[in-house]
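Scroll down for the structure; my scribbles are underneath it.
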Amino acid sequence: MIWHRLDREKTVSMIARVKPTTQSITFSPATSEAKCLKLPFYETFLLYRLTNFSSLPTFSMDFLSDGDTYFYMDGSDAPIQKINAQAGLKISKETVIPYLNFYYCFVRLPEGEIILLKSPEEAAIIDLYDEDRREEFGAVPTPIDIAEDTQTGTFSVTAPVLYDGSPMEAVITVTKDGRVTTTPKRMLTMGLN
Amino acid sequence: MNDMLKEFGDSHAQMAGSIDYQHPQAQIILDECQGMLGKLPEGKRLLDFAQEKGIKYQVITGKVPDFHISGSDLLVLVCPANTKAVDLDEMACNMGMGIRALEQPYIGIPRPHPGNNTPEGIHAVRRHFLDITIEMCKIVSEIYDMDNKSKIVDLLDKLGHRELYEAYRSGKSKEEMADIYFKSVNAV
């Protein structure tokens with residue numbers, strides 16, 4: 001998955017659409033960058049990021065947008081559910097893992113941080129604040145089991161996760177409309193499972 | 001967080017274009033963060049400074065807890081919409097670091113200007129981040145001394161500042177802490 005930088009005209013247009021009604025957060029086309037990322041589970045909506053490089057630390061805001069309407073990623077799953085209901089979600093065996101990586105990256109859950117681990121061993125070295133790692137939406141856990149209930153369209157994924165700082169095996173269900181439930185099953189001992 | 005647990009976690013999606021990104025629990029978040037900082041010696045000092053200088057606050061929603069300063073007197077705190085998912089210590093620490101960032105020009109640390117790649121500009125950026133990170137160690141240390149909870153220390157560890165934190169706890173000089181800090185950030 002590759003980010004595409006928006007040209008100046010589109011950047012100016014995006015800033016005009018998303019700028020806050022207050023003056024406390026400002027984005028100038030000269031010191032800001034806008035980029036977008038195609039997501040395999042949405043047909044018409046892309047992930048957009050606007051970054052102000054003139055502040056320290058740099059300040060970014062993320063949106064889901066069809067290029068017309070922008071939904072701000074506010075740390076809850078509300079914008080995701082809104083898009084899922086409005087524009088539809090393509091959930092399949094191929095897209096369920098990218099969807100979960102995306103979901104856990106953008107939704108702050110009461111259980112704490114959750115990350116699908118590439119392997120249980122990754123728990124020892126993963127950096128929670130490594131944005132590049134968090135945004136590897138195509139990363140596939142090993143081992144993994146993906147089962148589909150063809151009656152309901154619900155997927156059940158069993159995979160290693162970092163669950164509030166601990167490596168766990170979790171069963172994650174993803175309904176047809178994109179609702180995610182994460183149930184930790186057992187603690188993983190790195191390298192011994 | 002505490003009162004923030006009330007009836008929260010089911011916010012509506014915010015459509016950009018007509019909003020200010022204001023967090024619906026902004027006042028509660030500010031009250032709780034100030035309440036927490038007010039229990040710490042350094043936190044209280046920072047709050048007194050903020051009051052004396054008329055620093056203003058704003059809380060917006062966002063993916064992760066963070067802070068951002070705007071102009072010379074506005075601190076913007078970023079807090080996820082679902083406050084059940086947010087640790088009060090972490091938010092209070094962000095508030096403390098943000099106030100410190102606004103205090104820097106008053107104590108001889110000039111505000112850095114990104115993009116200024118002159119030796120002076122680079123030096124200003126380094127001083128800014130060193131000072132903010134030591135401030136974080138100070139606040140985390142006081143939170144730990146107050147309640148012995150290690151979660152906030154673990155967070156600092158995850159950010160890669162364990163060695164700096166231990167140096168601060170053991171009373172190392174500013175020069176020694178600067179050496180440790182720049183060694184750690186240069187290693188990344």
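The values are calculated or read from the model by the stated rules, or taken from the named source; none is laboratory data. This is a predicted model, so every value here is computed, not measured. No Cβ is skipped: glycine too gets one built from the backbone with ideal geometry, and neighbour counts run over all protein chains shown. To get the accessible areas, we keep the full protein, side chains included, count just its heavy atoms, and leave off ligands, DNA and RNA. Shrake-Rupley method; radii C 1.70, N 1.55, O 1.52, S 1.80 Å.
Once the Cβ-Cβ distance between A:Ser28 and B:Arg126 is put in as r, and R0 is 35 Å, what FRET efficiency do you end up with, to the nearest 0.05? Result of the calculation: an efficiency of 0.90. Take every pair of alpha-carbon atoms less than 8 Å apart whose residues are at least six positions apart; their mean separation over the length of region B:76-187 yields a relative contact order of 19 percent.
Based only on Cα atoms, what mean projected area does the convex hull of region B:73-134 have, in nm²? Before the final figure, lay out each step's value.
Values: hull surface 20.6 nm².
Dividing the Cα hull surface by four gives the mean projection, 5.2 nm².
Taking the centroid of alpha carbons for each part, region A:1-54 and region A:118-193 are 29 Å apart. The residue among B:His128, B:Pro24, B:Gly160 whose Cα reaches farthest toward the positive pole of the charge dipole of chain B, with charges on the beta-carbon of Lys, Arg, Asp and Glu, is B:His128. Summing charges over neighbours of A:Leu47, with a neighbour being any other residue whose Cβ is under 11 Å away from its Cβ, gives +1 when K and R count +1 and D and E count -1.
Among B:Lys174, B:Lys151, the order of accessible area from largest down is B:Lys174, B:Lys151, computed with a 1.4 Å probe on protein heavy atoms. Solvent-accessible area per residue in the protein assembly as shown equals 47 Å², computed with a 1.4 angstrom probe and all protein chains kept.
Lys and Arg at +1, Asp and Glu at -1: add these up for the other residues within a Cβ distance under 12 Å of B:Glu103 and post the number. Overall, the nearby charge balance is -2.
Here is the result for region A:72-101: no trypsin sites (Lys or Arg not before Pro) lie in DSSP coil with at most 10 other C-beta atoms within 10 angstrom of their C-beta.
Partner chain Cβ atoms within 10 Å, averaged over the residues of B:55-61 - can you pull that number for me? Before the final figure, lay out the partial values.
Working: counts 0, 1, 1, 4, 0, 7, 6.
Rounded to a whole number, the mean comes out at 3.
Based on every Cα atom in region A:96-187, Rg and the maximum pairwise Cα distance Dmax equal 12.3, 39 Å.
Could you tell me which residue out of A:Ile15, B:Gly62, A:Gln86 lies farthest along the dipole of the protein assembly as shown toward its positive end? Charges go on the beta carbon: Lys and Arg +1, Asp and Glu -1, centred on the Cα centre. Selected residue: A:Ile15. For the cross-link pairs A:Lys82/B:Lys84; B:Lys39/B:Lys149; B:Lys44/B:Lys183; A:Lys35/B:Lys84; A:Lys38/B:Lys158; A:Lys185/B:Lys84, the ones whose C-alpha atoms lie over 26 Å apart are B:Lys44/B:Lys183; A:Lys35/B:Lys84; A:Lys38/B:Lys158.
In the context of the full protein assembly, A:Arg186 retains an accessible surface of approximately 110 Å², using a probe radius of 1.4 Å and ignoring ligands and nucleic acids.
Counting every alpha-carbon pair across the protein assembly as shown, the share separated by more than 38 Å comes to 20%. The Kirkwood hydrodynamic radius of chain A, based on inverse pair distances between different Cα atoms, is 17.8 Å.
Shape verdict for region A:89-146, please, from the Cα gyration tensor: rounded (a/c under 1.5), prolate (a/b greater than b/c) or oblate. Since a/c reaches 1.5 but b/c is at least a/b, the shape of region A:89-146 is classed as oblate.
Compute the signed sum of charges (Lys and Arg +1, Asp and Glu -1) over the other residues within less than 14 Å, Cβ to Cβ, of A:Glu131. Display every interim value, and only then the final one.
Details: positive: A:Lys35, A:Arg49, A:Arg133, A:Arg134, B:Lys63, B:Lys158; negative: A:Asp62, A:Glu113, A:Asp127, A:Asp130, A:Asp132, A:Glu135, A:Glu136, B:Asp66.
Net charge around A:Glu131: -2.
How would region B:11-135 be classified by its alpha-carbon gyration tensor: rounded, prolate or oblate, with rounded meaning a/c under 1.5 and the a/b versus b/c comparison settling the rest?
Numbers: a/c = 2.05, a/b = 1.38, b/c = 1.49.
Note, shape of region B:11-135 comes out oblate.
Divided by 2.2 N^0.38 Å, where N counts the residues, the Cα radius of gyration of region A:4-87 comes to 1.08.
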